[in-house]
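A short write-up of the structure that comes next.
The values are calculated or read from the model by the stated rules, or taken from the named source; none is laboratory data. A quick note: this is a predicted structure, and the numbers were derived from the prediction, not measured. So basically every Cβ, Gly included, is an ideal-geometry build from the backbone, and we count neighbours across all protein chains shown.
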Amino acid sequence: MITLNTFPDIIVLTVAYLFGSIPSGLLVSWLSDLPDPRTMGSGNIGTTNMLRLGDKKAALLTLTIDVLKGSFAVVFALIFMPALAQWAGIVAVIGHIWPLWLMFKGGKGVATSFGVLLMLNWILTLACFGTWTTFAIMTRYSSLASLITFLLSSFYALFVSGESLVITCLILTALIFWTHRHNIDRLRKGKEPKIGDPTSPPTTKR
């Protein structure tokens, strides 16, 4: 574990949080002259809800930026404080979920988590991406694919990197399950929208 007892530690983690806090989906919707994603579909600013707005390019751009946020946070830490790299990634995901600029109401952290893992271990990322893609195609539920992927990520980490990434994956999994708690409830009730379903006004629970 780390002890934050130096000013550089605080700076690195603060920068990581600010990277994560960039509201990608909202910025892309403004630049693309699209409706505010918070007023449509799930009300989320992430890639899946951007796709529901009907603009694949905007969704892809949102996905790219969200992934890069996590990657940049890890790279920044690797350059200045390598020992904090994994924690910087976790903090970036926290920033994405609870962004400073949107009153701490952000996305669900999946794409940013992928960006974090990409910089920490590309083999682990490839395994997770393959899992997500497989279950997304099979079920057409983005949320379910994400939950299964991160549930398995710690096992993947144990095989490809030993114990070094297991704790990071467990923390990311806990965050993903928390942000998807309402999705889990809708999945249980059979009310979760599938990938490609038409958009609708947001529910109160995202």
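Annotations
- For the range 99-153, a residue qualifies if it is among the aromatic types (Phe, Trp, Tyr) and touching a residue at least 12 places away in the same chain (Cβ under 8 Å), and the qualifying residues are Trp101, Phe114, Phe129, Trp132, Phe135, Tyr141, Phe150.
- Count of the range 119-139 residues which are assigned to a helix (DSSP H, G or I) and in contact with a helix residue (DSSP H, G or I) (Cβ under 6 Å, 6 or more places away or on another chain): 10
- Count of residues meeting criterion [part of a helix (DSSP H, G or I), under 23 Å from Lys105 (Cβ atoms) and not acidic (Asp, Glu)] in the range 46-82: 19
- Where Gly70 falls short, out of the listed (1) free of Cβ contacts under 8 Å to residues at least 40 places away in the same chain; (2) under 23 Å from Ser164 (Cα atoms); (3) not β-branched (Val, Ile, Thr): (1)
- Each residue in the range 168-182 was checked for being under 14 Å from Leu124 (Cα atoms) and surrounded by fewer than 16 Cβ atoms within 10 Å (Cβ to Cβ), and 1 pass.
- Sole residue being of a type in the set (S, T, N, Q), at pLDDT 95 or above and crowded, with 20+ Cβ neighbours inside 10 Å, chosen from Thr112, Thr134: Thr112
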